[in-house]
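Right, one structure below, let's go through it.
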């Protein structure tokens, strides 16, 4: 897997959330680099935990902003966020217990989810929130 590269097409029209997404890109890239360098398992687990915590921070901010401005798609967005966190927890548990899941599979899942979510679900609030923010 190659490193993720931010492009303008990922912008959601809200600077704060674009910055969050860029940080998430960087964090996934850190995991990719850790894999490429055969980093210690503890480094990988720590980095993954940081990614999860930052993702929760981002989701909380995004959802609070959508709620504040009355975005109609909030419930659907919350459900997708919850599903991601549940799936990441499953991967994290499997990795911690050396179960049959590859780190490559986890990286693919995270990268694809972030790209798909940013280009799909997050674009739904782009025009709505950009009227209130920035």
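What follows is calculated from the coordinates using simple rules that are stated; it is not laboratory data. Fair warning: this is a prediction, and the values are worked out from it, not measured in the lab. Because the Cβ atoms are built from the backbone with ideal geometry, glycine has one as well, and the counts that use them run over all protein chains shown.
When residue 13 is tested against (1) closer than 21 Å to residue 120 by Cβ; (2) in a helix (DSSP H, G or I), exactly one condition is not met: (2). Only one residue in 32, 28 is out of contact with any strand residue (DSSP E or B) (no Cβ under 7 Å at 6 or more places or on another chain), crowded, with 18+ Cβ neighbours inside 10 Å and farther than 22 Å from residue 123 by Cβ, so which one is that? Going through 32, 28 in turn, the sole match is 32. Screening residue 19 on (1) part of a helix (DSSP H, G or I); (2) surrounded by 14 or more Cβ atoms within 10 Å (Cβ to Cβ) shows it passes everything except condition (2). Scanning the stretch 113-127 finds no residues that are under 16 Å from the mean Cα position of the chain (by Cα), over 23 Å from residue 8 (Cβ atoms) and surrounded by 17 or more Cβ atoms within 10 Å (Cβ to Cβ). Can you pull out every residue in the stretch 53-73 that is crowded, with 17+ Cβ neighbours inside 10 Å and part of a helix (DSSP H, G or I)? 55, 58, 59, 62, 65, 66, listed by residue number. Being farther than 21 Å from residue 131 by Cβ and under 16 Å from the mean Cα position of the chain (by Cα) is a description that does not apply to residue 43.
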